[in-house]
Amino acid sequence: MLIALLALSLVPLVMDHDAKALQLAAPASVGQIDTGKLKGEPTELAWSPDGTSLFLQTSERDSMIKSPRYYMMSAADGKPEAVKVAPDWVSEYWGWKAHKSAPGVGSFEIDITEEQKMATATASPMGGALARGGAVDPNSGTTVDEAMMRAQQMQKQRVITLRLKNEIVGQFINQQFLPGYTFGWAPRGGMIAYGDEQGRLAIMDQQGNKREVAGTKAVLLPAWSPDATKIAYLQHVGKNKYELCILPVAQ
């Protein structure tokens, strides 16, 4: 393992890859994760240095991470096995995976903004009262009662938005901000994998070239393997249910 780590450290960090030129195979479903049994929700996903296994952290979330639980999974079958402590290599991996800028390319950096927005707690159907067969105010397209109800439903929301090359690579609305939850840097080459605004897995290079991976949805915690040949991610498929997927990548 030490030899493998040394070999990886000798690979140049800055190689300007083109996302459009990547060869992407179909993602493989490796296993199912039931957080109803594991408790909490997924908050970290990291590759082992040798690329044979993955670390998963689940946690209770409100205004902070609470009650973290740790699991190891084989990259071959994705079966979570509980461990008492996180391996030493997790913090180092997470340090570059979830950083604000790409490893070795400080100029390729995510812009993080925070703002307060007013939004309705529930959205009215398209067409307002007319969609429900109610009387219509010809000036506003809604009833007076509906306008009052919507005003009462207005709530202030805390919105944290992550942008890279004018692309949203993460957004947290009234949620705790978790670096690396919606994106993951490649270990070299200045590329990023992330869940786009439609929840699909996407890859972007330093020029802003973007590749979307067909058939993906509700993607979170994308994580590149240390040799940059695979991207692991979780796909939310139902209440407490997540699918562990691995996408082979050739450059």
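List of remarks:
- Lysines with Cα under 16 Å of LYS217, excluding same-chain neighbours fewer than 8 positions away: LYS239, LYS241
- Separation of the range 211-251 and the range 37-115, taken as the distance between their Cα centroids, equals 13 angstrom.
- Dipole magnitude of the range 167-216, debye to nearest 20 (Cβ charges: Lys/Arg +1, Asp/Glu -1, about Cα centre): 140 debye
- In whole percents, the pair-distance distribution calculated for the range 53-118 from its alpha-carbon pairs, binned every 5 Å from zero, is 4, 13, 15, 17, 17, 15, 11, 5, 2, 0.
- Taken over the C-alpha atoms, the range 154-251 has Rg and Dmax values of 13.7, 48 angstrom.
- Only lysines eight or more places from LYS117 in sequence, or on another chain, were considered; those with a Cα closer than 20 Å are LYS156.
- Taking amide H as placed 1.01 Å from N in the peptide plane, the amide H of THR43 sits under 5 Å from that of GLN57, THR58, SER59, each at least 5 places away or on another chain.
Taken together, the values in this text are just the output of simple stated rules run on the coordinates, not laboratory data. Keep in mind it's a predicted model, so treat the numbers as computed, not measured. Cβ sites come from the backbone with ideal geometry, for glycine too, and all protein chains shown count toward neighbours.
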